[in-house]
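Encoded as structure tokens, the structure appears first; notes follow it.
The values are calculated or read from the model by the stated rules, or taken from the named source; none is laboratory data. Note that the structure is predicted; figures quoted are calculated from it, not measured. FYI the Cβ positions are ideal-geometry reconstructions off the backbone, even for glycines, and counts take in every protein chain you see.
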Amino acid sequence: MDFDSLIAIARTQHQQPEMLISVPKDWSQGRTVFGGLSAAMLYSAAREYIEEDRPLRSMTTNFVGPLLFDTPFQINVEIVREGKNVSQVLARIIQEDKNCVLTQFCFAKARKSKTAVKNNDQHNMAVPQKANFIPNIPKVTPNFLRHYELSIDDGGLPFTGKKSSHYYGWMRFKESPQTITEAHIISMIDAWPPTLIQQLRWPAPASTVSWNLEFIYPHRPFAPSDWLAYKEDTRQAADGYGHTEATIWDIHGEVIALSRQTTAVFD
């Protein structure tokens, strides 16, 4: 089942609140569903409750437990508060009576303001001609990566014993969707491996514990087949946990999102 089909199912949650959903194995990351997909599905379900003139400004996701593939789960959406300009929404995935993923969303309409600060962050990476990433290694490369193209400009391959702790590069869907939405961007941003596992010499489990993502507006439209630039740096790591910050640019060189993650490495 492709990404758009799964997102379409999530969008019908407001019509069928008790609906059960199952994600196939080709979207797995180890024994769990790829986190970028589960977060995108929660966004898509929550988006249906909010007026279109309130775009997504920020989302905070906690991966509180494993979400198993090929196992039914339910999406619950709660409107925490809806004000004149801002809507706060809480969405969660429940599987076998256990909370697996929780996300709080902030949707807010544009307002006239005398304040303005332009984000002028830039990158100097050339647009790739083709993907340059991880070879398909059974039981090592996550299944979900078959749906994306990632091109590393700087940073080491996972489990190669590098001293670096960053990833700079480009990303897009392997098969371009008909349209590009926030849901697609959410999933792409989480497709990159944890920065710390390039320092390991042998495969070991790693997962995101919490993730904050902010969308930047306004920006120009871009095509579904366009590459998006990505730069992620580790700000600190110790005791088996890493804290990273990332910036995402569109093909025009405009910043479209900011990301922060706390990851755990079980080496």
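Points to keep in mind about this one:
- Some residue of segment 8-22 being within 24 Å of Glu214 (Cβ to Cβ), in contact with a Phe, Trp or Tyr (Cβ under 8 Å, 6 or more places away or on another chain) and among the hydroxyl-bearing types (Ser, Thr, Tyr): no
- Exactly one residue among Arg172, Arg220, Arg146 is under 23 Å from Arg57 (Cα atoms), of a type in the set (Lys, Arg) and touching a helix residue (DSSP H, G or I) at 6+ places or on another chain (Cβ under 8 Å), and that residue is Arg172.
- Selected residue [in contact (Cβ under 8 Å) with a residue 40 or more places away in the chain and either in the same structural domain as Phe34 (by TED's automatic domain parsing) or over 16 Å from the mean Cα position of the chain (by Cα) (or both)] from Gly169, Gly161: Gly161
- The residues on offer are Val101, Val80, Val89, and the sole one that is assigned to a strand (DSSP E or B), surrounded by 11 or more Cβ atoms within 10 Å (Cβ to Cβ) and over 21 Å from the mean Cα position of the chain (by Cα) is Val80.
- Within segment 233-253, considering residues that are more than 13 Å from the chain's Cα centre (by Cα) and touching a residue at least 60 places away in the same chain (Cβ under 8 Å), the one surrounded by the fewest Cβ atoms within 10 Å (Cβ to Cβ): Gly253
- Residue check, Ala8 assigned by TED's automatic domain parsing to the domain that holds Gln88, of a type in the set (A, V, I, L, M, F, W, C), in a helix (DSSP H, G or I) and surrounded by fewer than 17 Cβ atoms within 10 Å (Cβ to Cβ): yes
- None of Val127, Val101, Val140, Val117 is of a type in the set (A, V, I, L, M) and free of Cβ contacts under 8 Å to residues at least 12 places away in the same chain except Val117.
- The criterion of at least 1 residues that are modelled with pLDDT under 95 and within 20 Å of Thr160 (Cα to Cα) is met, among strands (runs of 3 or more DSSP E) falling completely within segment 186-263, by 206-215.
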